[in-house]
Structures are given as C-alpha cells and as structure tokens.
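The next block holds one structure in the form of structure tokens; read it before the comments.
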Amino acid sequence: MSDWCNTDTGEAVYRSLDAIKNLRIKVHLERVTTTATLSMHFQQEVLTQQDGGAIELKPLTSQAQSGDNEEQVVVGWQEKLFSQYEMELFQNEAACQTPLDRQYHKEVTALNKAKGRQNNRIFTYTDYDRYTNYHPLQQLQQGNDLLTTTKSRPTFLAERMASVRHRRQDRRTMDSSFPKSKIINWEPSEDFMRSSHEMNSVMQTMHIMADLGPPGKLGQKENECLLVTVKTDGNGTIIVKPDFNKGKEPYRITTEGTNKEVWRLTVDNVSAPMKTEEKEREKHLYKDLLVRHKDFPNSLVGQDFEMPPPGILRYLINGEIVSAKGFEYDNLYIDYIMELPNNWSSLPMQSHSGVTHTSRTKALGKDNVAYFCCPFTFEAFYMTEKESEESVPHWPVLYFKVLSLDAWQRYRTEGYGYLLFPDTAGKHTQTCHTWRPVQTGTASAMRRFFIGGSPELEDHSYVRIPGHFKGERLSRLGFSTESSGSVTFNLHCIQQSKAFVDSATSKRRRHYVADHTQGFSHHDTLLSTMDAFQRARRKMQEVRESLPRDFIASASQLQI
C-alpha cells in the first residue's frame, strides 16, 4: 500500500504577510478498508471456491455507513471543532471547572439546541486547550514515515498542571461564520531556523485531530489520532506538519488494535487568494511605507544644514588624547597648541591651545601607561584665492609637550612631539613618538633628578619644520636629543564643502577640490621629489662651478 501513499510527513515552514486568522485548511479523511475484515473475507472466498481450483475475488463493501468512511472539513485558525468526547463532557455543567470549560459548555449547549455539530470524526484542539499544553509529553509513533495512532496518555499531574496554567484564561466567543480568507506569499522558508525551546516560548499551536474508533464506539480518548499540527510565531512564520499535499499522494494512517484500519489523509491550503487589484494596492502600500521609513530619519535631521561659502572647505575634528606610555617619570600631563598654515583660518572664539589633567601611570606589561581620555574640538576653514596648480595645501598641525610633576612641585619635560591632522574624513587612531633635548655631562642629569627642570624649546614648532622658516636649509648641528615615550590620539574628522554636493561644478573644479582636500599625501610626495631634484641640481651646478675652466674645456672637447 505504500505505492499510493505519501511517506514524507516532515514539517514545512512558510512565511505570509497576511494575518494568520485568514488561514483556511481543508482536511479530507477517507477510510480505505479494514485489514482484519479483508483477511476474513479472503479466507471465506478461499474455502468456498477451493473445489473449483480458481478463486474469484468479489468487490468488498464496508458494513459501516457512508458518513463514517469519508469526511471533509475546512478549518480556520484556532477554530474550535468539538469531538464526541467533548460534546459528552461539556454537557454536564458540574464538570466545568475553569472559565474555558464554562465557555465550552455554552457552545455545546447551543450546538445541541441547533442541528448539532457538523463534524463527525475530525475535531480540533486550539492553543487554549489542555491538549496543546501537554502535547510535548506525547510521542506519536511513526513507522516507515507513516502516521499511526497512539494510546499513550498524559499523567494526572500533567493534566492538573495544564488546568492550573489556564485557570485564569478566558476564551472569547468565536463567530460561527468565518470571514473570507486571504493568504498571500506562501513560499517555503529554508533559512528560518530556531531552537525548539525558543519556538515553544512564543509559538501558538493548533492541532487537527480525528476519532478513528469504530462507528459505534466514537468518543473514546484512546482512539484519537493527531492529523495536522499548525504553529505560528505571530511574525508571519507558519509551520505545518505534515505539509500540504499539493497534488501529491495522500498520507496513510494505520490504527492499532485487532481491527487495524487504513485511512487516507489529504491536507490542502484553501485560503482565498488575493485579487490582482488587491495585490497592486498592497504593493503600493508597502512601497509608500518604505518611502516613509526612508524619509523619517531625514525629517528628524532636517535639510537646513549650514553650508560654507563656495570655494571654502570646512574642517572639523573631534579628537581625544587617549594615553601616554614609555616616559621616565610619573604624574604626566600634556600641553598642546594648534598651528594653522597659510590659507587656513578659524573663528575668533576658537581655542588653539589646551592642557590635560595630571594622570598617574600604571603598569601594562613592560610599559607604564598614563590614561588621559581628554577630548578636544577644533574647527578651521581652508580658502585659496588662486586655483593654480602651484597652490598646495598644508594641513593643520598639533604640537604637544609631555611633562611630569611630582609631590614637591618639580616638573620635568618628558618629550616633544607633533600630530599632523588627517587629510581624509573618518575615524583615525595615531600614535606619535616623542623626543626631548638633553645636555651633555652629569650636572644636567643631577639637576633634573634633584630639583627638576630640563632644557626646553622656545618654539614648539622646532619639533618639525617651523612654519615661519623661509630658508633653504634648517640646520640642527650640535643639537642633542633623546628618544622618550609615545602618545596615542583618537581623531574623528569631518570635511564639508559645497563642491561635494554641487552637481553643476565643473570637472576642473571637482579635481581641484579633491586635490586640495584629499590629496595631501600625493602633494607631499611630489614636493619631496621636487625638492630632492632641486638640491641635486644645485649640487651639480656648484661642483661644475668649482672645477677649473681648462678641465671643463678639455672635457667638452672629448665629448665632441
């Protein structure tokens, strides 16, 4: 019989943008035959025809009524269909203990006064019922991937605990006329995976059951069989087990006991699809929703940005002096000052200098580190009148000096250094190494140790090439220094210019702005190359002038 049945009873995961209340599932249950009756009928045929030598099998007709052999029901989400057992149980008001039981009593009474229940064997357990709560305790027996019934029942303690859990839950009366359902975008989702514990904590469940007992013995709990389980997490994910047949062969259900019966189960999704105009309307609604979500941050920020005038680059830096390490003495603080090159300016209230607090060092590996975490903000503007290729921008520089101070108010210069501001926007972390001037002899070292004080620079820009230096060579002959520690900076740079967003700017202007705002490293390399070439050319000219004239004349004659 496995040739005509579907053996794939695994669960399927779907996603739907529509409400779960619009889900409709059609369950078709059909009895194939009773295996015990078939065996007895075959034996009778063999005994009656064994004298003739040939056996003729006549069609087997079931002795049960036609309504017991086949049933088809369309079930909605959390729609309650009572079984025969529940109809008999909830008729007695004395047996109803919880608000849910009393609600079921009213519904059963209304059904008895009307035409009775429309279903016969198929019924449901909703998420409010006790069966859903102790369902993990029941293990459905499966053989060869086929559905079978089970006689395992939960313990009395499990039933009482489930009753206590839902004692205060009230179930709203569900309308007998269900609205027209619409399920859209039903596609299996393979990438949706969750653990069982996480699913059980948020999932809502509905079970579609069947009473597979003999025609005269309906309403016994041991004859109940689980047909379909539907779960949802409320976010559009729907799990169906077993999956819809979708034109495949029906599932096979085999009962237990002496009279083993075989049933065929077909599960189909009969939710009404959306019309074309409804799909288009929903598509436009989602499109408008996405546009509103996109415009919402813009509405919070606004569009009234303060733009600098044309031809001016606004440079804003939010920096942080993070730490200093590798210095000789403890209790360090840093004194710093900004320097603006040519064509750069700042606001009158802008501070160009500052000092950090004193920080004690602590051991970190082999180094002693002093943490400052001192923030600073600096804003400057770059502007040039002539857009010539010879105009090369130089970026602002931060000069700093690291000092130490002890309990006797003795301060010592621990090191000098400088930080060249980045030429690109974004986050940067830079570590600057320092040095300090020293004097020869032991007297300077003893003075530094006992009374403090040490050689200092009159001009902090002497750490680098000073901006006011106009000569060709900067000589540091005879200047003694000693390497000291390092200072770490965190920098967040912002560049703003109208040329960045002005689409009408010419290509030459865009290249000019890009060269002046992002190409400092390239200009620096070009300048160093040109300076080296000029120095080499001057040396060749000096060597040529120092040679005797007769030697130069003889060399020229040899070349000819």
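The values are calculated or read from the model by the stated rules, or taken from the named source; none is laboratory data. Please read these numbers as outputs of a predicted model, since none were measured by experiment. In this analysis, Cβ positions are derived from the backbone assuming ideal geometry, glycine residues included, and neighbour counts consider all displayed protein chains. Just the protein is used for accessible areas: all its heavy atoms, side chains included, with ligands, DNA and RNA removed. Shrake-Rupley method; radii C 1.70, N 1.55, O 1.52, S 1.80 Å.
Listing for the model above:
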quantity	calculated
Segments 24-31, 469-476, 113-120 sorted - mean Cβ within 10 Å per residue, highest first	24-31, 113-120, 469-476
Net charge contributed by nearby residues that have their C-beta within less than 14 Å of residue 295 (K/R +1, D/E -1)	+2
Cut-off 14 Å between beta-carbons: net charge of the residues surrounding residue 330, Lys and Arg +1, Asp and Glu -1	+1
Nitroxide proxy distance, nm - points 7 Å out along Cα→Cβ at residue 481 and residue 278	7.9 nm
Per residue, in Å², the accessible surface of region 246-388 once ligands and nucleic acids are set aside, probe 1.4 Å	66 Å²
For a label point 7 Å along the Cα-to-beta-carbon line of residue 439, residues of region 462-479 with backbone N under 19 Å	477-479
Full-extension gain in nm, residue 351 to residue 424, via 0.36 nm per residue minus C-alpha separation	24.0 nm
Distance (nanometres) between label positions extended 7 Å along Cα→Cβ at residue 301 and residue 449	5.9 nm
Rounded percent of accessible protein surface that carbon and sulfur make up, region 271-320, 1.4 Å probe	58 percent
Sequence-distant residues sharing a close amide H with residue 415 (under 5 Å, placed H)	402
Peptides ranked, highest mean first, by Cβ atoms within 10 Å: ranges 316-328, 333-345	316-328, 333-345
Cross-link table 80/287; 80/283; 470/498; 21/248, entries beyond 28 Å C-alpha to C-alpha	80/287; 80/283; 470/498
Straight-distance crosslink candidates among lysines, where the alpha carbon sits under 18 Å from residue 260 and sequence neighbours closer than 8 are dropped	151, 217, 221
Overall form of region 272-348 per C-alpha gyration tensor (a/c, 1.5; a/b vs b/c)	oblate
Estimated inter-spin distance, residue 289 and residue 379, nm [label 7 Å along Cα→Cβ]	4.1 nm
Net charge of Cβ neighbours under 14 Å - reference residue 438; Lys, Arg +1; Asp, Glu -1	+1
At R0 = 25 Å, FRET efficiency that the Cβ-Cβ distance of residue 316 and residue 464 yields, to 0.05	0.60
Amide N proximity, region 438-482 versus residue 408 label position 7 Å along Cα-to-Cβ, cut-off under 18 Å	443-455
